[in-house]
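The values are calculated or read from the model by the stated rules, or taken from the named source; none is laboratory data. Remember, predicted model here, so these are calculated numbers, not experimental data.
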Amino acid sequence: MLDNGWNDTKQNHRWLTELITFINNGSKECKEYLISLFHLRPIENSDNGSKKLLIKLVSQRRRLNTTRLNEITDFIFSIGNYYKHGTYYKWYQKEFDYIQLFEKNRNDNIQVSTLIERLNLSAEYIEPLNNLINDYQNMINEHFN
């Protein structure tokens with residue numbers, strides 16, 4: 001979804017877009033599609049508990065990593081809960097780009113301030129990000145040095 005966008009995901013992974021749409025707006029059609037596709041028992045409600053149950057059931061049927069089922073459920077639920085007209089996708093892609101930039105440069109002895117400058121952030125984000133990166137680097141140094 002992050003690499004190819006919502007339209008590609010709808011075309012190649014309809015089950016995922018139906019699941020996200022159900023979580024997003026409680027669509028009965030999406031819920032019925034998933035129940036039918038995966039031969040699940042009916043789920044009566046559309047509250048958060050029912051949504052998370054459907055995620056778990058679909059994840060099990062898709063044979064996703066069962067040892068990480070809670071993480072998968074939380075992640076898909078977050079996408080579905082916050083995906084509003086592409087804003088979540090755009091936000092997540094931006095965060096993903098920041099993570100990739102940091103991972104690419106963290107071993108090059110680049111100064112945190114230089115790395116943050118490359119991100120071209122507004123002033124309100126610079127200090128919190130600087131603190132997070134420094135905390136992360138300290139944790140890495142404590143555990144691996």
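When you check Phe102 against the structure, is it of a type in the set (Phe, Trp, Tyr) and modelled with pLDDT of 70 or more, yes or no? The answer is no for Phe102. Of all residues in region 13-65, those being in a helix (DSSP H, G or I) and among the polar types (S, T, N, Q) number 9.
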